[in-house]
1. Ignoring ligands, DNA and RNA, what accessible area per residue does region 76-141 give at 1.4 Å, in Å²?
2. Which value at 222 nm does the chain reach when only helices count, each DSSP H run of 4 or more adding -39,500 (n - 2.57), with the total divided by all residues and rounded to the nearest 500 deg cm²/dmol?
3. Once both axes come from the Cα atoms, what is the angle between helix 110-133 and the longest principal axis of the chain, in degrees from 0 to 90, rounded to 10?
4. Over the chain, what is the relative contact order in whole percent, taking alpha-carbon pairs under 8 Å and six or more residues apart?
5. Across region 91-106, in residue order, what do the Karplus-derived ³J(HN,Hα) couplings come to in whole Hz, using 6.51 cos²θ - 1.76 cosθ + 1.60 with θ = phi - 60° and x for Gly and Pro?
6. Using amide H atoms built 1.01 Å from N in the peptide plane, name the residues 5+ places from Val48, or on other chains, whose amide H lies under 5 Å from its own.
7. Please name whichever of Thr74, Ile6, Gly20 sits farthest to the positive end of the charge dipole of the chain, dipole taken about the Cα centre and charges placed at Cβ: Lys and Arg +1, Asp and Glu -1.
8. List the chymotrypsin sites (Phe, Trp or Tyr not before Pro) in region 7-114 that DSSP assigns to loop (not H, G, I, E or B) and whose Cβ has at most 10 other Cβ atoms within 10 Å. Which are they?
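The values are calculated or read from the model by the stated rules, or taken from the named source; none is laboratory data. A quick note: this is a predicted structure, and the numbers were derived from the prediction, not measured. FYI the Cβ positions are ideal-geometry reconstructions off the backbone, even for glycines, and counts take in every protein chain you see. Heads up: the accessible areas ignore ligands, DNA and RNA and are worked out on the full protein's heavy atoms, side chains in. Shrake-Rupley method; radii C 1.70, N 1.55, O 1.52, S 1.80 Å.
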Amino acid sequence: MKFGEILLNQYRSRPLWMNGLLFFCGYMTFIYLPWDIFLKPLAEDQEVWFGIMFTGWAAKGGAVLHWLVYGAGTYGFIKMKSWMHPWSEAYVLQIAFSMFIWSYLNSEDSIAGIVVGLVSAALFFGLAAMLWRARLRFTTD
């Protein structure tokens, strides 16, 4: 089997939106996070976990954790591993929660922060629901 056929079979094995998640996880694993960890100056480093911003060495540690999460996501989506369900949904729900908290804590107007937080969280709740509905696509090993 040629390399192009392998890529095409990979692409066809999951829905378009899930290919987007695979691409995003791959980008974060192989491009963004290595730059963030090894090249980004410590004074500029920021990472958000659970809606709270970390800077400096705490951000570097958070970036390493993000690297592990996105690396696992890349592998899990390529191989459609069974452990991706429920962990992918749990991580996306954590992002939804974080988006709400981040928007609320960093808004000048608390009402606007709540509205923006609810809208952004709703988008990630939708993505978590799509992952939940696609749970049977993840194979048992």
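1. Normalised by residue count, the accessible surface of region 76-141 is 63 Å².
2. -23000 deg cm²/dmol
3. 20
4. 22
5. Once rounded to whole Hz, the list reads 5, 5, 5, 4, 5, 4, 4, 4, 4, 5, 4, 4, 5, 5, 6, 10.
6. Phe54
7. Ile6
8. Listed in order of number, the matching sites are Phe50.
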